[in-house]
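> One structure, as structure tokens, below. Some questions next.
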Amino acid sequence: MNTISSVPVTADVVVIGGGLMGRAAAWRLASAGLDAVVVAGEPQAAASNVAAGMLAPVTETTFTEELLLGLNLASMERYPSFAAEVSEASGLPSGLRSGPTISIAYNADDAARMAQLADYLTRLGLESTRLTSREARQLEPLLAPTIRAGLLVPGDASCDNRQLLAALREAGGRSGVRTLTGFVHHVSSTADRVTGVVLADGSEISAPTVVVANGAWAGQLTGIPALPVRPVKGQILRLDPGRFPQPGLVVRAFTRGTEIYLVPRDSGHELVVGATSEELGFDRRVTAGGVYELLRDARLAIPMSTEYVLAETSVGYRPGTPDNAPILGRGALAGLVLATGHHRNGVLLTPITADAVAELILHDRSLPVIEPFGVERFDRSTSGRATSERPQNDRGVRT
Ligand code: GLY
């Protein structure tokens, strides 16, 4: 990685954010010959580092997010070639792991809810197969014998987000992307166009193009019209199965009214269990209640999980927007490009976001698929919203 140790710096483009969005966009731009600088904050805190890495356009879909589904599916389509390109450019594994994903229902109420989801998927023409408990356990033998039903979704996969991030950093570095560690205090501008950024320590980077890709922190940027992005806290666990068998499939479980996911890695040493969803701002606390609920529900789905080592507990911040969909496209000032607000779908939306940002900056063209996701939609009345708020239960866990 090419790090910058002295400032001032001049570049063609400055990318605010060293997570998946920022890294992927910077790599695309540098590969096309632009001088790109990434300003990366605290790497451990980035949602790209904390996430589980589900690529789940189908199993994460909800009844109110059909417009977002189109974007998610478009990004999923790009994943295999994107991952192969990143791997080729970096010499590192991309982390992509193919599906299927299995959803399971713990009790009769959960099964009713899953059946509703299955009907919805059928109406949308998305492939899924209903399974009896026995069929589900034949496919994933570690599932609890007491589960009521399953749903197999062939198209949903996963990607080890930490591997992907490392590969994108390397690919970017090899293409000439420079990295500066720090926090952007504000975007600088003349009357109508951006001129660069100023960091919290007062140092400046001059560039005619600024990409906002700092996830949940985008709402704190000054110097540009405020972005409606807020942190949605998620507590998430990493278990190490060690010598015990781990599930082969990504498992999503409806467990007594709550929902969790368990995402295995090929190494056999990491099973990611997530996640709470809490409106607590940038609250860094890992709580007893959060960990308890995740472990309790993981055990209901996969009893063997109680044997695994609790290797890591972490907190991440999903960049939430008022309609749960990302903010993609041009900003209010010339030279400003927005790529934030990816909420629950950041890992999934990385390929399409990088391509869309590159298309805007390199060719001054907007990919048609991102057009509904411009920031201007929030200037309209609520009837213009792309999707709607996702409900939560009283513990703040996603319902
Ligand atoms: N996409 C998983 C999560 O937001 O927890």
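> Filter the helices (runs of 4 or more DSSP H) completely within the range 1-95 down to those with at least 2 residues that are hydroxyl-bearing (Ser, Thr, Tyr) and more than 16 Å from the ligand (Cβ to nearest atom). Give the derivation first.
Values: elements: 20-31, 47-50, 66-90.
Counting at least 2 such residues, we get 66-90.
> Select from the range 266-280 the residues that are touching a strand residue (DSSP E or B) at 6+ places or on another chain (Cβ under 7 Å) and open to solvent by 30 Å² or more (accessible area, probe 1.4 Å) and list them in ascending order. Reasoning before the result, please.
Within the range 266-280, the subset touching a strand residue (DSSP E or B) at 6+ places or on another chain (Cβ under 7 Å) is 266, 269-280.
Within the range 266-280, ASP266, HIS269, GLU270, GLU279, LEU280 meet the criteria.
> Any residue at all in the range 3-11 that is of a type outside the set (Phe, Trp, Tyr), more than 25 Å from SER188 (Cβ to Cβ) and touching a Leu at 6+ places or on another chain (Cβ under 8 Å)?
Filtering the range 3-11 for residues of a type outside the set (Phe, Trp, Tyr) gives 3-11.
Filter again for more than 25 Å from SER188 (Cβ to Cβ), leaving none.
No, there is no match, as no residue in the range 3-11 is of a type outside the set (Phe, Trp, Tyr), more than 25 Å from SER188 (Cβ to Cβ) and touching a Leu at 6+ places or on another chain (Cβ under 8 Å).
> Restricting attention to the range 301-314, which residues are touching a residue at least 24 places away in the same chain (Cβ under 8 Å) and surrounded by fewer than 22 Cβ atoms within 10 Å (Cβ to Cβ)? First the steps, then the outcome.
Looking only at the range 301-314, we keep the residues that are touching a residue at least 24 places away in the same chain (Cβ under 8 Å), and these are 301-305, 307-314.
PRO303, MET304, GLU307, VAL309, LEU310, ALA311, GLU312, THR313, SER314 - these are the residues of the range 301-314 that are touching a residue at least 24 places away in the same chain (Cβ under 8 Å) and surrounded by fewer than 22 Cβ atoms within 10 Å (Cβ to Cβ).
The values are calculated or read from the model by the stated rules, or taken from the named source; none is laboratory data. None of these values were measured; they are calculated from a predicted model. In this analysis, Cβ positions are derived from the backbone assuming ideal geometry, glycine residues included, and neighbour counts consider all displayed protein chains. Quick note on the areas: whole protein, heavy atoms, side chains included, nothing else; ligands and nucleic acids left out. Shrake-Rupley method; radii C 1.70, N 1.55, O 1.52, S 1.80 Å.
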